[in-house]
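J.: The structure under discussion is supplied below as structure tokens; questions concerning it will follow.
Nothing in this text is a laboratory measurement; each read-out follows from the coordinates by a stated rule. Computed from a predicted structure; not experimentally measured. Cβ sites come from the backbone with ideal geometry, for glycine too, and all protein chains shown count toward neighbours.
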Amino acid sequence: MDRRFLRGMIAITLTGLALACQPSVLAQAPTAVPHLDDDQMKGVWYEIAHLPDKREKTCIGDAFQLDARGDKPNTLEWVDSCKTKSAYVNVHNSTAKPQNKKTPTDGHLKVGAFWPFTAKYWVIALGPDYGWYLLGSPNHKNLWIYSKSPTLTPDVLAQIESQAAAAGYPVAKLLLTVQSGQSPTAAPALMAP
């Protein structure tokens, strides 16, 4: 083997390793909250912001998530919905289960809509009294901010974004969700243009 070729390959490998070890290249690994209370998670959650996601590209606002206790312990049934440009409601049903059966009440969730396909999502941060929560994928591609109220104060939103940035998420790409304040449980209000 040619020595120049071998030296070139070693140089490329070492350069790649050096770049990979730089703090700016390595994203901070997110951590999940140590405990989730199923009863506190039940109810209506308003989407405040999200990273661009292909499932939500037709949504124009009024994005909600309804959480209900699942049919098995430590599971939640999720119904995500949003108003679309055509005034219809885009709805996705899924089930959130513990990712690890040894720690069933932590924030590591396995979410699936069609068996056997699932995705990992972690509850990264919780607000006081479960007033809001930050949900993200461990690979930093998905992120949502949910709140029990249709809006958050700028200070609280900045605090949440700071926590997301510290976990390595690209908060500059967050899209704010337009909320009309209509109740998601009132179906006619969701269907109105």
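J.: For the stretch 27-102, what percent of Cα pairs sit more than 16 Å apart?
T.: So the pairs more than 16 Å apart make up 59 percent of the total in the stretch 27-102.
J.: Would you list, by chain and number, the lysines whose Cα falls below 24 Å from the Cα of Lys85, excluding same-chain residues fewer than 8 positions away?
T.: Lys54, Lys57, Lys173
J.: Would you mind classifying the stretch 38-187 by shape? Square roots of the alpha carbon gyration tensor eigenvalues, ordered a ≥ b ≥ c; an a/c under 1.5 is rounded, otherwise it is prolate if a/b is larger than b/c and oblate if not.
T.: Note, shape of the stretch 38-187 comes out rounded.
J.: Can you bin the stretch 61-107 into rounded, prolate or oblate? Criterion: square roots of the alpha carbon gyration tensor eigenvalues sorted a ≥ b ≥ c, rounded for a/c under 1.5, prolate for a/b above b/c, oblate for the rest.
T.: prolate
J.: Applying the Karplus parametrisation 6.51 cos²θ - 1.76 cosθ + 1.60 with θ = phi - 60° to the phi angles of the stretch 66-74, what ³J(HN,Hα) value in whole Hz is obtained for each residue in order, glycine and proline being reported as x?
T.: Couplings: 9, 10, 9, 5, x, 7, 10, x, 6 Hz.
J.: Which cross-chain or sequence-distant (5 or more) residues have an amide H under 5 Å from the amide H of Gly127, H modelled 1.01 Å from N in plane?
T.: Trp132, Tyr133
J.: In whole percent, what relative contact order does the stretch 38-187 give with Cα contacts below 8 Å and a gap of six or more residues?
T.: 27 percent
J.: How large is ³J(HN,Hα) for each residue in the stretch 30-36, as worked out from phi by the Karplus curve 6.51 cos²θ - 1.76 cosθ + 1.60 (θ = phi - 60°), to whole Hz, x for Gly and Pro?
T.: So the J values, rounded to whole Hz, are x, 10, 8, 5, x, 8, 10.
J.: Starting from the Cα of Lys97, draw a straight line to each of the lysines and keep only those under 19 Å, dropping any in the same chain fewer than 8 residues away.
T.: Partners within reach: Lys42, Lys72, Lys110, Lys120.
J.: Per-residue counts of other Cβ atoms within 10 Å, averaged by peptide: what ranking do you get for 45-53, 99-107, highest first?
T.: 45-53, 99-107
J.: Now for a different question. ³J(HN,Hα) across the stretch 75-84 via Karplus (A = 6.51, B = -1.76, C = 1.60, θ = phi - 60°), whole Hz, x for Gly/Pro?
T.: 10, 10, 9, 10, 10, 9, 9, 7, 7, 9
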